[in-house]
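The values are calculated or read from the model by the stated rules, or taken from the named source; none is laboratory data. Note that the structure is predicted; figures quoted are calculated from it, not measured. We place every Cβ from the backbone using ideal geometry, glycine too, and count neighbours over all the protein chains shown. When the accessible area is computed, the model is the full protein with side chains, heavy atoms only, and any ligands, DNA or RNA have been set aside. Shrake-Rupley method; radii C 1.70, N 1.55, O 1.52, S 1.80 Å.
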Amino acid sequence: MKNKKIIISFIVLVIAIFLIGYFSIRYVKEKKSKEEISEYTPQEEISEEQARETIVTLYFLDSESNTLKPEARLVSVKDVITSPYNTIIELLINGPKNEKLKKLIPDNTQLLNTSLEKECLTVDFSNELLNYNKNNQNEKENMVKSIVNTLTELTEVNKVKILINGQVNEEFKDEYVRK
């Protein structure tokens, strides 16, 4: 008789623990779903001009560490949609906004043309691209890496081919500029 009371008490205790656990989990789920439904209110409104901008990543030389560092830049979505490669390369040519970063593309370099074939972007520059310091091999490598790393941030670009005035140049062979 005493054993029956202990067994019944134990069963009642297990059922009570089960019910408490069940209703606790249900309460937490309901509370969580109510929180998800509540509307998000931004701390400040996004202007129409800001909504029309996107972030691109450009690579420049860090003057302290002599390594390439990314610089995020806000650009007009309209520019990126109409001519993404030209827009991004022009930003590289113009140089960084951060004073600790160094421009790698020589002054007066002009972008002549860009074209995408499969996943290879061909970029045609003017002769001024060859005006880098030829005594410093790292300068050329960093310039090429800056161009390649920046352009391969775009999902459709996996390789970059550099031309000078529409011609393949010995200094910028295809195998040199692959990511």
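Once fully extended, how much extra length lies between residue 139 and residue 120, figured as 0.36 nm per residue of separation less the alpha-carbon to alpha-carbon distance?
4.5 nm
If you stretched the chain out fully between residue 98 and residue 131, how much longer would it get, using 0.36 nm times the residue separation minus the C-alpha to C-alpha distance?
Values: separation 33, 0.36 × 33 = 11.88 nm, distance 2.33 nm.
So the extension gain works out to 9.6 nm.
What whole-number value in Å² describes the accessible area per residue of segment 106-179 for a 1.4 Å probe?
Accessible surface, normalised per residue, equals 57 Å².
How far, in nm, would the chain grow between residue 54 and residue 5 when pulled straight, counting 0.36 nm per residue and subtracting the alpha carbon separation? Intermediate results must be reported in sequence, preceding the final value.
On the way: separation 49, 0.36 × 49 = 17.64 nm, distance 7.15 nm.
That works out to 10.5 nm of additional length.
If you take every residue apart from residue 93 with its C-beta less than 15 Å away from the C-beta of residue 93, what net charge results, scoring Lys and Arg +1 and Asp and Glu -1? If you can, show how the numbers build up before the last one.
Numbers: positive: 73, 97, 102, 103; negative: 71, 79, 90, 107, 124, 128.
It works out to a net charge of -2.
Would you mind checking 5/29; 102/161; 69/134; 4/29 for any pair whose Cα atoms are more than 28 angstrom apart?
On the way: 5/29 36 Å; 102/161 23 Å; 69/134 22 Å; 4/29 37 Å.
Result: 5/29; 4/29 exceed 28 Å.
In whole Å, what are the extents of segment 77-137 along the principal axes defined by its C-alpha atoms, from largest to smallest?
36, 25, 20
If I model a spin label at residue 113 and residue 90 as a point 7 Å from the Cα along the Cα→Cβ vector, what separation in nanometres do I get?
Taking the simple label geometry, residue 113 and residue 90 are separated by 1.9 nm.
Give me the net charge for the shell around residue 62: Cβ to Cβ below 9 angstrom, other residues only, Lys and Arg +1, Asp and Glu -1. All intermediate terms of the calculation are to be shown ahead of the outcome.
On the way: positive: 69, 100, 102; negative: 64.
Neighbour charge sum, excluding residue 62 itself: +2.
As a test of reading the structure, rank 126, 9, 76 by solvent-accessible area (1.4 Å probe, protein chains only), most first. Spell out each step's value before the answer.
Numbers: 126 10, 9 75, 76 40 Å².
Greatest to least solvent exposure: 9, 76, 126.
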